[in-house]
Amino acid sequence: SQGMDPQPAGSNFLQNLLLFGRLLRGLGLDVNPGRMIDLVQALGLISIGRPDDFYFASRTLLVHDREDLPLFDQAFEMFWRVPVSDWTAIQFGGMLKPRQKRGPRLAPPPLTDPPEDDPGRDGSESREDPVLLVTRTYSDRELLRQKNFAELTGDELEAVRELMQRMRIRLGERRTRRMRPGRGRLLDLRRSLRGSFRTGGEMLTLARRERKTKPRPLVVIADISGSMERYTRLLLHFIYGLAQSRSLPVEAFVFSTRLTRITRQLRQKDIDQSLEDVSGVVHDWAGGTRIGEAIKTFNYDWGRRVLGRGAVVLIISDGWDRGDIDLLDLEMARLQRSCHRTIWLNPLLGSPGYEPLTRGMQAALPHVDAFLPVHNLASLEDLAAHLQAIGARRLH
């Protein structure tokens with residue numbers, strides 16, 4: 001379901017939904033107007049921005065024969081999830097297969113009635129495989145995923161914010177010191193003895209233990225200086241979404257000329273109230289950039305509190321720095337030694353031909369485990385995959 005979002009785009013979504021029903025009928029599924037009406041009504045009861053909800057609702061209401069499930073899945077995948085950037089039609093003829101139990105499948109009806117003089121109207125000639133013209137709702141979604149945050153229009157900003165709120169990010173887990181029953185190498189003598197009592201004192205099996213695992217803490221340190229102003233508000237929405245996760249321990253900080261912790265403000269359930277609270281505690285919006293001083297403040301005031309338990313640190317900045325470069329080099333090295341991973345997210349990295357030539361980036365990069373772009377939705381999805389794949393071993 002990654003990459004597919006059937007959220008309505010004007011009237012295109014409803015039009016494509018009707019075309020999808022006609023496609024299924026053309027492929028031989030028993031899809032009638034009543035079932036399409038049921039599906040349209042069901043969309044008001046689910047979150048169609050969540051692809052799995054839309055898929056299962058469609059399959060439940062439109063498929064009434066188990067033999068049709070593979071055909072429906074293939075049609076759904078091609079219709080809703082295959083990009084249409086370079087074409088305007090989908091050829092589905094190769095999906096038609098006769099079924100032995102039902103006898104050979106009849107040729108599917110055309111999407112529009114043939115004219116009176118059509119030689120195939122009386123059935124004397126077989127009809128061609130159906131060809132379906134598709135409005136480019138998927139293409140619009142794909143363009144939005146690839147569009148730079150700094151170039152979004154007002155309506156696109158709102159759409160991106162909604163999509164960010166639906167994103168779910170998980171970190172690779174860490175092993176704790178606590179133990180649990182499992183298949184590890186350590187023996188659990190207490191459970192082994194208890195088990196032997198049930199067998200008359202004979203120890204037939206040896207119980208074992210393994211270490212418990214927990215999600216790694218995530219620490220976000222975001223640049224809100226003047227050079228980041230085009231990205232700041234949207235990235236705060238992203239950080240808010242991270243902070244709302246129940247399974248992901250998150251600490252959030254912002255900096256320009258000084259560092260400010262905003263973790264408590266981001267825990268508000270209402271996003272507008274949360275961002276308003278953030279504005280109330282941050283007093284250096286769009287100011288100068290002193291990355292070294294901000295990282296030093298974090299290391300000395302907050303490092304011991306939030307960097308335990310194998311934390312992963314995300315630094316979001318374009319690397320422009322007016323402060324002491326030697327201090328930045330020293331404090332980045334200290335930060336890298338104190339955490340499990342240091343990941344630098346730079347919105348400029350998504351620009352063609354970009355090279356990290358600023359003094360700040362040159363000083364920081366030797367102490368960074370991953371250097372990634374953060375300029376559009378696609379880059380955030382790549383970040384989510386990167387975080388989930390983080391292993392147990394340190395890279396340094």
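The values are calculated or read from the model by the stated rules, or taken from the named source; none is laboratory data. These numbers were taken from a predicted model, which means no experiment stands behind them. Don't worry about glycine lacking a Cβ; one is built from the backbone with ideal geometry, like all the others, and counts go over all protein chains shown. Heavy atoms of the whole protein, side chains included, go into the accessibility calculation; ligands, DNA and RNA do not. Shrake-Rupley method; radii C 1.70, N 1.55, O 1.52, S 1.80 Å.
In table form, for the structure just shown:
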{"quantity": "Residue in the range 290-299 that is open to solvent by less than 10 Å² (accessible area, probe 1.4 Å) and closer than 16 Å to Tyr231 by Cβ present", "calculated": "yes"}
{"quantity": "Meets criteria (among the acidic types (Asp, Glu) and either part of a helix (DSSP H, G or I) or touching a residue at least 12 places away in the same chain (Cβ under 8 Å) (or both)) for Glu355", "calculated": "no"}
{"quantity": "Any hit, the range 294-312, residues being under 24 Å from the mean Cα position of the chain (by Cα), touching a residue at least 60 places away in the same chain (Cβ under 8 Å) and either farther than 26 Å from Asp382 by Cβ or in a loop (DSSP other than H, G, I, E, B) (or both)", "calculated": "yes"}
{"quantity": "Of residues in the range 143-167 being within 14 Å of the chain's Cα centre (by Cα) and within 16 Å of Arg230 (Cα to Cα), the one surrounded by the most Cβ atoms within 10 Å (Cβ to Cβ)", "calculated": "Val160"}
{"quantity": "Selected residue [in contact with an Asp or Glu (Cβ under 8 Å, 6 or more places away or on another chain) and modelled with pLDDT of 80 or more] from Asp53, Asp65", "calculated": "Asp65"}
{"quantity": "Of all residues making up the range 379-391, the number that are open to solvent by less than 10 Å² (accessible area, probe 1.4 Å) and either closer than 20 Å to Arg141 by Cβ or without any contact (Cβ under 8 Å) to a residue 24 or more places away in the chain (or both)", "calculated": "3"}
{"quantity": "Failed condition for Gly226, given (1) within 25 Å of Ala363 (Cβ to Cβ); (2) touching a helix residue (DSSP H, G or I) at 6+ places or on another chain (Cβ under 9 Å)", "calculated": "(2)"}
{"quantity": "Among the candidates Gly303, Gly310, Gly288, residue that is touching a His at 6+ places or on another chain (Cβ under 7 Å), modelled with pLDDT under 95 and more than 30 Å from Glu158 (Cβ to Cβ)", "calculated": "Gly310"}
{"quantity": "Which numbered condition Leu328 fails, given (1) part of a loop (DSSP other than H, G, I, E, B); (2) surrounded by 17 or more Cβ atoms within 10 Å (Cβ to Cβ)", "calculated": "(1)"}
{"quantity": "Residue among Arg161, Arg168, Arg208 that is farther than 29 Å from Ala384 by Cα, of a type in the set (D, E, K, R) and at pLDDT 70 or above", "calculated": "Arg208"}
{"quantity": "Strands (runs of 3 or more DSSP E) fully within the range 210-277 counting 3 or more residues that are over 21 Å from the mean Cα position of the chain (by Cα)", "calculated": "250-255, 259-261"}
{"quantity": "Hits in the range 289-313 - residues which are of a type in the set (Gly, Ala, Ser) and at positive phi", "calculated": "Gly310"}
